[in-house]
Amino acid sequence: MNETFSGVYSVTSPTESIHHSFGYANRSEQIQNEVTTRFGIASGCKLFTAIAICQLVEQGQLSFSTSLDSFQTFDLPNILPQVTIHQLLTHTSGIPDYFDESISDFEALWRDVPMYRLQQLRDFLPLFQQKFMKDEPGSRFSYNNAGYILLGLIVEDVTGQSFTDYIEQSIFQPAGMIDSGYFSLDALPAQTALGYIDHSNGTWRTNQYAIPIKGSADGGAYVTVQDMGRFWEALFSHRLLDSSSTSVLLTPHVTVNDRGECYGYGVWIQRHATEEIYKYHVMGYDPGVSFHSGYYPKTATISVVCSNQSDGSFDVMKQIEAQIGERIE
């Protein structure tokens with residue numbers, strides 16, 4: 001284990017359960033991380049958004065071919081109206097993003113738009129609604145946060161609920177995720193880790209001014225490692241979606257690279273050269289947040305790594321996979 005890792009990891013299977021915690025949830029007060037500590041998971045919760053959409057499709061309130069022109073409440077003058085929900089879910093919509101993860105500094109966004117203004121989904125629209133299309137819809141995979149903002153707005157439009165209320169009621173509650181939620185940075189509940197940004201000179205600061213004040217449809221929920229394990233168990237036991245809808249969610253809809261990486265609806269899918277699925281996984285990175293979690297279908301093993309630093313979870317995940325790989329392969 002990396003000696004500088006701060007966070008919690010868990011590995012569970014039908015035959016065993018391992019949990020370990022490291023570092024501090026609050027460095028100033030020297031409050032240690034515990035197995036029950038809540039952590040931000042950044043984009044790791046895009047899968048929750050995708051499940052919400054699949055639930056509404058299952059109920060007959062939407063279809064995956066429904067296009068943006070079905071929703072008159074969105075002011076998107078330069079975004080093609082024929083963009084479909086399927087394309088938003090698979091990052092193939094071609095719409096402009098509010099943040100390019102490949103070239104941009106996430107914190108730079110908040111120099112012009114104070115992070116505390118992003119209290120609800122509609123607050124994100126001015127960040128991208130006047131921009132022009134990047135690609136022809138359906139032409140290629142390009143990871144896109146704005147697409148998931150629009151999916152969250154669609155959930156709100158169809159249900160009449162706030163997005164976060166819907167997720168907490170329709171996913172967290174039935175999955176037994178009793179300690180998870182979309183918490184505001186200025187009102188974090190007890191046993192929640194503060195996110196830390198470390199500088200090369202040894203100084204650090206919290207991420208309070210580096211990420212949106214409240215999570216939304218593209219990221220920012222808080223979970224415990226136990227709750228994330230409960231989530232995977234609920235998903236694969238069809239307590240969130242029926243078997244048909246679960247199969248659609250977990251279908252490799254688009255190939256991401258030539259190393260077997262694919263994307264379903266809100267979930268990354270890793271395949272072997274034989275086309276056999278090795279794992280379903282989600283991940284998230286923000287300033288002061290790094291997160292990985294995977295479900296390995298061959299052995300029904302679940303891994304969760306939550307960290308309150310900007311990196312570190314990937315290395316721990318790789319160490320876990322090296323340990324359990326003999327059983328998985």
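Ignoring any ligand, DNA or RNA, what whole percent of the accessible area of the chain comes from carbon and sulfur when the probe is 1.4 angstrom? Here carbon and sulfur together make up 47 percent of the probe-accessible area. Would you compute the Debye intensity of the chain from its alpha-carbon atoms alone, equal scatterers and no solvent, and pass along log10 I(q)/I(0) at q = 0.10, 0.11, 0.15 Å⁻¹ to two decimals? For the chain, the Cα-only Debye profile gives -0.55, -0.67, -1.31. When the charge dipole of the chain is built from unit charges on Cβ atoms (+1 for Lys and Arg, -1 for Asp and Glu) and taken about the Cα centre, the candidate among Tyr222, Gln130, Tyr196 whose Cα reaches farthest toward its positive end is Tyr222.
Of all DSSP-defined beta bridges confined to the chain, some 95% are antiparallel rather than parallel. Under 12 Å of direct C-alpha separation, and excluding same-chain neighbours fewer than eight residues apart, Lys214 reaches these aspartates and glutamates: Asp123, Asp186.
When peptides 197-205, 90-98 are sorted by average Cβ neighbour count within 10 Å, with the highest value leading, the order is 90-98, 197-205. Find how many whole Å separate the alpha carbon centroid of segment 39-93 from the alpha carbon centroid of segment 293-315. A separation of 26 Å, based on Cα centres.
Straight-line cross-link reach from Lys318 at under 23 Å between alpha-carbon atoms covers these lysines, not counting any fewer than eight positions away in the same chain: Lys46, Lys279, Lys298.
I need the semi-axes of the equivalent ellipsoid of segment 14-60: take the C-alpha gyration tensor, multiply each eigenvalue by 5, square-root it, list largest first in whole angstrom.
On the way: eigenvalues 225, 58, 10 Å².
Gyration-tensor ellipsoid for segment 14-60: 34, 17, 7 Å.
Computed on segment 197-295, the Cα convex hull volume stands at 142 Å³ per residue. For segment 1-91, the Kirkwood radius over C-alpha pairs fed into Stokes-Einstein at 25 °C and 0.890 mPa s yields D = 142 µm² per second.
So what is the accessible area of segment 146-301 per residue, in Å², with the probe set to 1.4 Å?
38 Å²
Residues considered: Thr49, Thr301, Thr274. Largest GNM mean-square fluctuation over the chain, using C-alpha springs under 10 Å, is found at Thr274. For the chain, the dipole from Cβ point charges (+1 on Lys and Arg, -1 on Asp and Glu) about the Cα centre works out to 100 debye, to the nearest 20.
How much length, in nm to one decimal, is gained on full extension between Ser28 and Ser13, taken as 0.36 nm per residue of separation minus their Cα-Cα distance? Mind showing how you got there, number by number?
Working: separation 15, 0.36 × 15 = 5.40 nm, distance 3.58 nm.
Additional length available on full extension: 1.8 nm.
Average 1/r across all pairs of distinct alpha carbons in segment 68-221, invert it, and you get the Kirkwood radius: 16.9 Å.
Solvent exposure of segment 1-84 amounts to 46 Å² per residue of accessible area, where only protein heavy atoms count and the probe is 1.4 Å.
The values are calculated or read from the model by the stated rules, or taken from the named source; none is laboratory data. A quick note: this is a predicted structure, and the numbers were derived from the prediction, not measured. So basically every Cβ, Gly included, is an ideal-geometry build from the backbone, and we count neighbours across all protein chains shown. Each accessible area value is taken on the protein alone, full model and side chains, heavy atoms only, with ligands, DNA and RNA left out. Shrake-Rupley method; radii C 1.70, N 1.55, O 1.52, S 1.80 Å.
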